[in-house]
Amino acid sequence: MPEPSTTDLAALLQETAAQDQDAFAQLYDLVSPRLHGLVIRVLRDVAQAEEVTQEVFLQVWRTAENYDPERGSALSWLLTLAHRRAIDRVRSAQSQSDRDLAYESRADRPPPNPTMEEVEEKMAAQAVRSAVTDLGPPHQEALELAYFDGLTHREVADRLGIPLGTAKTRIRDGLRKLREQMGGLG
Amino acid sequence: MKTPEEHVDGLLAAYAVDAVDDAERVQVESHLTECAACREELALYSESVTEFSVGLDVAPPQHLRAQILESVAQEAAVVSPLATRRRRRAQQWLWGVAAAGVLAVGSWGIADVLNGEQTSVTDDIIQADGTTKYSADFEQTTLTVYVSPTADQAVLEAPDMPALADGEVYQVWFVTPKGTVVSAGVMPEGEDQFVLDGDPSAATAVALTVEPDPGVEQPTTDPVAAIPFEA
């Protein structure tokens with residue numbers, strides 16, 4: 001699928017903010033695979049991901065007027081909304097299971113259900129082409145624990161056995177390297 | 001002078017990937033409102049973050065699209081005219097009941113005293129021949145409004161409502177096509193069904209807002225739910 005252009009999405013968001021349901025439907029068709037894929041990747045559960053994706057789009061409908069083009073692209077605003085909802089869901093499930101079983105590790109979570117296979121394949125394909133994998137292990141590892149597993153920078157530091165300042169630095173430098181590489185790819 | 005990366009304890013990049021706890025999130029967002037340099041820096045980080053979801057596309061099932069568009073259409077029918085209207089001319093809402101000085105606020109205290117009678121009126125309306133029923137989904141539950149055959153009384157059924165903070169209540173409103181909004185009472189705590197205060201005959205929808213206890217004369221927030229009176 002071709003990447004929707006930034007201006008298309010921004011325009012559709014503005015029309016959505018003006019309560020235009022057709023624009024909202026177009027926006028949905030353009031970005032729902034991207035958002036839903038991310039939500040599935042974070043939650044690793046297709047049924048829960050569908051609930052969250054639905055919540056995300058209702059939130060888009062209700063809050064589209066909050067999108068400010070001066071603070072970033074429409075795509076990044078939409079992805080942030082979806083990611084935050086997914087992370088919130090993971091963390092509340094996590095605190096629940098922490099109460100149930102204090103020492104349960106995230107690595108002990110049940111294996112992904114069969115419909116996860118599609119996502120796993122995508123991830124393998126992504127590994128070949130994404131700039132993320134060119135970051136090098138220390139940065140990639142810290143960023144993926146944060147972004148995909150929903151760990152806070154403190155938890156990233158604990159998990160990797162590195163000082164807090166180092167975890168923050170890896171996250172920051174990783175994003176900067178990514179920016180440079182994306183510039184190179186474009 | 002500090003560079004942006006030294007602001008807010010160097011949390012900006014962590015914030016961009018949601019790797020902050022709730023307190024830190026508040027801290028960063030509060031800083032962002034007053035620091036243009038950090039807003040610019042965050043926009044750059046956020047662009048980089050979009051790279052993580054490249055290639056993960058999974059189209060949601062068709063039924064999800066239908067559900068979402070349906071929910072949006074329902075909200076648009078009631079909630080958005082309300083919200084738009086209030087933004088435009090907050091003071092000009094038509095408050096017929098308020099003007100007449102017979103606001104329904106607080107009436108549920110009386111209903112509690114008359115609890116036995118209250119229940120039977122509820123059943124009478126729900127079970128009467130010709131009662132019309134309208135429903136809408138809200139969070140994990142379904143809200144249902146029963147309008148009596150003579151259309152002069154209505155019952156709201158709202159089981160398993162999400163808990164509210166202390167000092168907050170759900171307040172119910174009748175909405176007319178002209179945008180008039182009239183209080184239909186405050187939901188009594190712990191009751192799934194109750195008779196709405198007032199006459200639903202002119203209303204085209206019932207809307208719910210969250211308000212400070214014991215209710216308010218006019219909505220102070222956008223509706224959290226709406227039940228349009230349409231088949």
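For this structure, a couple of remarks:
- Spatial separation of Cα centroids for region A:146-186 and region B:166-231, in angstrom: 47
- Extending 7 Å from the Cα toward the beta-carbon at both B:ASP213 and A:GLU141 defines two label points whose distance is 5.2 nm.
- Neighbour-limited loop hits for trypsin sites (Lys or Arg not before Pro), region A:33-68 (at most 14 other Cβ within 10 Å; DSSP other than H, G, I, E, B): none
- Per-atom-type breakdown for region A:130-186 gives carbon and sulfur 50% of the accessible area (1.4 Å probe, protein chains only).
- Area buried, chain B against chain A - accessible surface, total, 1.4 angstrom probe, square angstrom: 5200
- Per-residue shielding of B:63-71, expressed as the average number of other chain Cβ atoms within 10 Å of the residue Cβ, stands at 5.
The values are calculated or read from the model by the stated rules, or taken from the named source; none is laboratory data. Since the model is a prediction, treat every value here as computed from it, not as a measurement. When we count neighbours, we look across all protein chains shown, and the Cβ atoms used for this are built from the backbone with ideal geometry, even at glycine. Just so you know, the surface numbers come from the protein's heavy atoms only, side chains and all, with ligands and any DNA or RNA stripped out. Shrake-Rupley method; radii C 1.70, N 1.55, O 1.52, S 1.80 Å.
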